[in-house]
Amino acid sequence: MTYHVFKKNLKILLKIKYPNLLILRLDLKIKYGLLWQKMRNNLRQFLLSLIVVFSILVPNHIAWCRLLDRIVAIVNDEVITLSELKEAMIYLTKTPNPPPEVKRRVLEEIINARLTAQQATKLGLQVKDAEVERAIQNIITQNGITLKKLKEDLIREGSSYEDYKDWIKIQLLKSKLIGLQVQSKVTVTDEEIRKYYQAHIDEYKGYTEYYLRHILLPFPSTDEDKKRLIYVQQEILRLLKEGISFPELAQKYSQAPTAKDGGDLGWIKATELTPEIRNIVTLLQPGEISPWIKTHSGFQLIQLEKRREVPDKTFSEAKEEIYRLFYQQKMEERYRQWLTQLREKAYIKILL
């Protein structure tokens, strides 16, 4: 095995399942070509032997750890490193040191994702950048938002647009793989759909939606803050009476994440509102503004822009939605079964 082939096998080529997993680059200047030549017929055994070899070649264990990173699992002819696992744990659990059972579960998910990617590569499946862009555009359209807002939301959640694109690419790859390996085995009958509709009939009853904007002012922590709060509340009400628009004042005064959008909350069902807000909003007419409302997050001023009645959904109207729900559930179940079979055939060694 040449140096370049060995180097390629050691690289972690994919950010699997978790958008911001690190891709570890191992630039090893290997001078012992004869040793690698003997090992080329058994890469897995080589990966395990590598630890012993370098412990001899590199007496300084600190330097050794910095050079290679610790291997926590081998999946066929690829490795998963401790740094990858830590990155995934931070992303999923918000801590680098979750309980041991959580750490093991995260590692198992990385292994599953790696197996899926390996199988996709074996079948020659690929996802082009144009497919990712189309998928993101569909998501934007379906949610009625702009690309700019999507990027801002991602940043607010501690992610990035590039990470999101990676995640979408992985989902598309998984969908293609499921389509080939699983899809043909999934069926949903009309009887299943009708039974679900009848059992969940309340979910398809009509309801009222309210298009709301709000201004949020946090609770004061000192007497001086309390005086300032009262002044700002009165100032906002005064400016509203003078004809200054609610969105403009929300942008200037609101401390909520929605401030930059003029306090826009969008369409909300009455059942999704907290009781103290719902009791007032349901009495407002479009265009009216509530008094200041004390809520768990601070004092809020609510404007009702529009109201609409959403009618009951008949079985015919709900049928496609229920079909997609069943189909997704069954696809996931089949995928898990297929993944179990894949694991049984794979070489997996956990070194955690």
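Rounded, prolate or oblate: which fits region 129-218 when a ≥ b ≥ c are the square roots of the eigenvalues of the alpha-carbon gyration tensor, with rounded for a/c under 1.5 and prolate only if a/b beats b/c?
Values: a/c = 2.87, a/b = 1.11, b/c = 2.58.
Cα axes put region 129-218 in the oblate bin.
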Just flag the GluC sites (Glu not before Pro) in region 92-152 sitting in loop per DSSP whose Cβ has no more than 13 other Cβ atoms within 10 Å. none
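Please find the FRET efficiency linking residue 139 to residue 97, where r is the Cβ-Cβ separation and R0 is fixed at 30 Å, and quote it to the nearest 0.05. Could the numbers behind the result be given before it?
Working: r = 34 Å, r/R0 = 1.12.
Taking R0 as 30 Å, the efficiency between residue 139 and residue 97 is 0.35.
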Where the only charges are on Cβ atoms (+1 Lys, Arg; -1 Asp, Glu), what is the dipole of region 207-310 about its Cα centre, to the nearest 20 debye? 80 debye
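Please say if region 123-162 is rounded, prolate or oblate, where rounded means a/c under 1.5 for a ≥ b ≥ c the square roots of the C-alpha gyration tensor eigenvalues, and otherwise the choice is prolate for a/b larger than b/c and oblate otherwise?
Values: a/c = 3.26, a/b = 1.64, b/c = 1.99.
It is oblate, given that a/c is not under 1.5 and a/b is not larger than b/c.
Taking 0.36 nm per residue of sequence separation and subtracting the Cα-Cα distance, how much length would be gained by fully extending the chain between residue 219 and residue 324, in nm to one decimal? List each step's numbers first, then the result.
Numbers: separation 105, 0.36 × 105 = 37.80 nm, distance 4.41 nm.
Extra length from residue 219 to residue 324 when fully extended: 33.4 nm.
Write out the chymotrypsin sites (Phe, Trp or Tyr not before Pro) in region 272-352 meeting two conditions: DSSP loop, and at most 12 other Cβ atoms within 10 Å of their Cβ. Each step should come with its number before you reach the end.
On the way: sites: 292, 299, 315, 323, 326, 327, 335, 338, 347; in loops: 292, 347.
Passing sites in region 272-352 are 347.
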Among the listed pairs 128/174; 195/269; 151/306; 269/306; 185/313, those beyond 20 Å (Cα-Cα): 195/269; 151/306; 185/313
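Which of the three applies to region 288-346, rounded, prolate or oblate, going by the alpha-carbon gyration tensor with a ≥ b ≥ c and a/c under 1.5 meaning rounded?
oblate
Bear in mind these aren't lab numbers, they're just calculated from the coordinates by the rules spelled out. This is a predicted model, so every value here is computed, not measured. Methodologically, a virtual Cβ is constructed for each residue, glycine included, from the backbone with ideal geometry; neighbour enumeration extends over all protein chains shown.
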